[in-house]
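Trainee: Take this structure, written in structure tokens, and hold onto it; I'll ask about it next.
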Amino acid sequence: MRAWLSRIKGLWAYAMAASAAPLTYLLSAPCGAACGACPMGGACLLSLPAVMAVVLIAKFSRRLKTAFKDALS
Amino acid sequence: MQLKFLDTLRKNKMRYISLVAGFFLFVAPFALFSRLVYFAIGNVADPTLHTICLRMPIDWMFSGRYYSLIGSVSAAFVIGVILLSFFLGPVFCGWLCPVGAVSEGLSRVIPLPSKFRLKIKDPKVTRGLRYGFLAGFIAVSVFAGFKIFGDQISSVCCRYCASATLQNLVDAAFGNATALEYWHTGGIMVLIGWLIIGGVLMFGGRGWCLFFCPLGAMSNLAHKAGSKLGMYRTEYDKTKCTDCNSCKEMCPMWAINDDKSIETTLCINCKECVNRCPKGAYSMRWGRKKDAGVAQQN
């Protein structure tokens with residue numbers, strides 16, 4: 001069962017990663033190499049701190065959940 | 001922390017010397033290897049890490065631009081790296097690649113506690129993400145090359161290239177002002193993804209190699225095929241293992257499975273596990289497997 005779950009997780013990761021690259025390229029295709037012409041207008045720069053925040057929140061989510069539970073009880 | 005770093009440095013000194021040599025061999029203004037090759041074939045262009053691009057030939061291969069492959073130094077280089085991986089494992093990734101060396105070095109030098117570093121525990125998930133990205137990369141090359149979406153996608157892999165970013169950083173350090181033109185948002189995203197998220201914030205500092213390097217992924221596919229046929233590889237002997245998990249802590253590619261066997265689609269033959277294991281449970285080996293005590297590689 002565990003091996004089966006691990007395989008499903010692996011396939012899910014594969015599908016996510018396989019779709020991420022074409023989507024990223026499609027979204028950013030019109031701007032070519034020139035930042036100024038990018039339709040996102042620099043939003044990608046703003047998205048970086050957001051991505052890092054999501055990464056850190058994911059990392060500490062269990063600790064946060066425990067803290068919330070402790071605070072509520 | 002400092003003692004652990006020095007111990008790692010001492011045990012793997014040959015690899016770290018080789019990685020430093022890789023920097024001088026491939027990155028301009030030094031680029032000694034590239035200069036030698038250009039001199040030998042009479043190419044008068046200025047060799048940089050970018051001109052022997054490790055990604056474009058993969059893009060050309062799948063986008064139908066086969067004419068670009070003919071006579072190209074970078075194509076010969078990529079094919080050479082993949083062939084080398086078949087026989088000796090991904091030694092270019094583990095022992096020479098300056099891009100992986102810089103992020104791994106940064107990760108080792110910055111004393112960030114382990115609890116702040118990210119790691120995917122299941123190598124199958126890591127493998128899925130790595131080869132999923134490779135599949136996406138190939139799909140984009142096919143879309144662009146055969147104009148499946150018209151001209152909407154052009155060749156964009158240079159915009160997300162850590163090799164170009166490293167070369168431009170070094171160029172800027174040596175006072176080459178033209179390198180500044182490169183700093184568009186794609187370049188900055190790569191810099192943060194490669195050095196901060198993939199380097200400092202990930203165990204082993206090889207996040208970029210693990211998830212975004214098509215050459216690394218293809219090298220590992222060649223290594224998997226080679227190791228099945230008995231080529232040079234890392235092997236695990238479960239009879240010697242004491243489950244101390246020091247191998248898992250050290251592996252920069254997260255290539256050690258729960259049963260401690262090596263995931264050949266991720267392993268770069270860096271020998272960190274071989275040098276770290278106090279009981280010698282890991283060894284480098286040629287030839288087909290005969291010993292029943294040696295775990296089957298995945």
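Trainee: Would you mind ranking B:68, B:63 by Cβ crowding within 10 Å, fewest neighbours first?
Mentor: Ascending number of Cβ neighbours within 10 Å: B:68, B:63.
Trainee: Here's another thing I want to ask about it. Tell me, what is the percent relative contact order of chain B, built from C-alpha pairs under 8 Å that lie six or more residues apart?
Mentor: 22
Trainee: For peptide A:4-13, compute the average count of partner chain beta-carbon atoms within 10 Å of each residue's beta-carbon.
Mentor: Per residue, the average neighbour count from other chains is 5.
Trainee: Now, a different point. Take the alpha carbon atoms of the range B:212-247, find their center, do the same for the range B:16-36, and report the distance between the two centers in whole angstrom.
Mentor: Answer, in whole Å: 26.
Trainee: Near residue B:279, within a Cβ-to-Cβ distance under 13 Å, what is the net charge of the other residues, with Lys and Arg +1 and Asp and Glu -1?
Mentor: Within the 13 Å Cβ shell, the charges total +2.
Trainee: Any chance you could give the angle, 0 to 90 degrees and rounded to 10, that helix B:73-88 forms with the longest Cα principal axis of chain B?
Mentor: For B:73-88 against chain B, the angle is about 10 degrees.
Trainee: Where does the charge balance sit around residue B:29 when Lys and Arg score +1, Asp and Glu -1, over other residues with C-beta under 13 Å from its C-beta?
Mentor: That sum, taken over residues with Cβ under 13 Å, equals -1.
Trainee: Using the alpha-carbon atoms, what tilt in degrees (0 to 90, nearest 10) does helix B:13-26 show relative to the longest principal axis of chain B?
Mentor: Approximately 10 degrees, to the nearest ten.
Trainee: For B:104, B:263, B:249, what ranking results if the residue with the fewest other Cβ atoms within 10 Å of its Cβ goes first?
Mentor: B:249, B:263, B:104
Trainee: How far is helix B:32-41 tilted off the main Cα axis of chain B, in degrees rounded to 10, range 0 to 90?
Mentor: 50
Every number here is computed from the coordinates shown, using simple stated rules; none is lab data. None of the values given here were measured: they were computed from a predicted structure. Don't worry about glycine lacking a Cβ; one is built from the backbone with ideal geometry, like all the others, and counts go over all protein chains shown.
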